[in-house]
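Shown next, in structure tokens, is the structure this report addresses.
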Amino acid sequence: MISQVRHHKVTIGFHWLTFALLCVSFASVLARDLFEDKAIRSLLMSVHREIGIVVLVIVALRLLARLKFYVVAVNAELPKSVQKISALVHGILYLLLVAVPFSGWLQSSASGKIISFFGLFNIPSLMAKNKVLKEQFSEVHEALAYGLLVLVGLHILAAFWHYYIRKDRVLQAMLPTRSTENKSS
């Protein structure tokens, strides 16, 4: 059985913030189909774009936090093959957490859309308006987003596998706690 190891509270916070932002981002873009009102559809798309930019910032901060606080080896007792698969999946998750919002930013830039950051300032466009590139980036963005959705789903299933099947503490290592104590600090 794995000991009472926990991730650093900053790592845990960024993990759950990223998950919440992804939920809002996916919900806002999917909810557009529920409305005919152009203003509501536009607002939901703006929220989707703004959250995407926030995800890019949070992922950069998460990567910096990984360097500062390191990654706690909560799966050290798993077979090496499972550890390698876990590392690969986490690497692909991070890659997609950058690629999905970045491809959306490229898509918005190529379509001539301005991304306002919650009305505070505009995010710079990455290129001039280009209809052909907009269509290509749109397809890439959608494919990557669905890939991210599938991988997040598998990540959640793996967490449940750890908790219910293996009965180890891998899931608990990433769950928020009321305790201010953090054993890995």
### Query
Are there any pairs with C-beta distances below 9 angstrom linking a residue in the range 29-44 that is more than 19 Å from Pro101 (Cβ to Cβ) to a residue that is outside any helix (DSSP H, G or I), with the two at least 6 apart or on different chains, and if so which?
Arg41/Phe35
### Query
Do we have Ser86 as hydroxyl-bearing (Ser, Thr, Tyr), in a helix (DSSP H, G or I) and either surrounded by fewer than 14 Cβ atoms within 10 Å (Cβ to Cβ) or touching a Ser or Thr at 6+ places or on another chain (Cβ under 6 Å) (or both) here?
no
### Query
In the range 25-54, which residue that is β-branched (Val, Ile, Thr) and more than 15 Å from Phe117 (Cβ to Cβ) is surrounded by the most Cβ atoms within 10 Å (Cβ to Cβ)?
Val29
### Summary
Residue hits (the range 122-134; within 21 Å of Leu44 (Cβ to Cβ) and either touching a residue at least 24 places away in the same chain (Cβ under 8 Å) or of a type outside the set (S, T, N, Q) (or both)) are Ile123, Lys134
### Query
Yes or no: Leu157 free of Cβ contacts under 8 Å to residues at least 40 places away in the same chain, out of contact with any strand residue (DSSP E or B) (no Cβ under 7 Å at 6 or more places or on another chain) and farther than 25 Å from Ile12 by Cβ?
no
### Whichever residue in the range 94-130 is of a type in the set (Val, Ile, Thr) and surrounded by 17 or more Cβ atoms within 10 Å (Cβ to Cβ) and, among such residues, is modelled with the lowest pLDDT
Ile115
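The values are calculated or read from the model by the stated rules, or taken from the named source; none is laboratory data. Values in this document were obtained by computation on a predicted structure and should not be read as measured data. Note: ideal-geometry Cβ built from the backbone for every residue, glycine included; neighbour counts use all protein chains shown.
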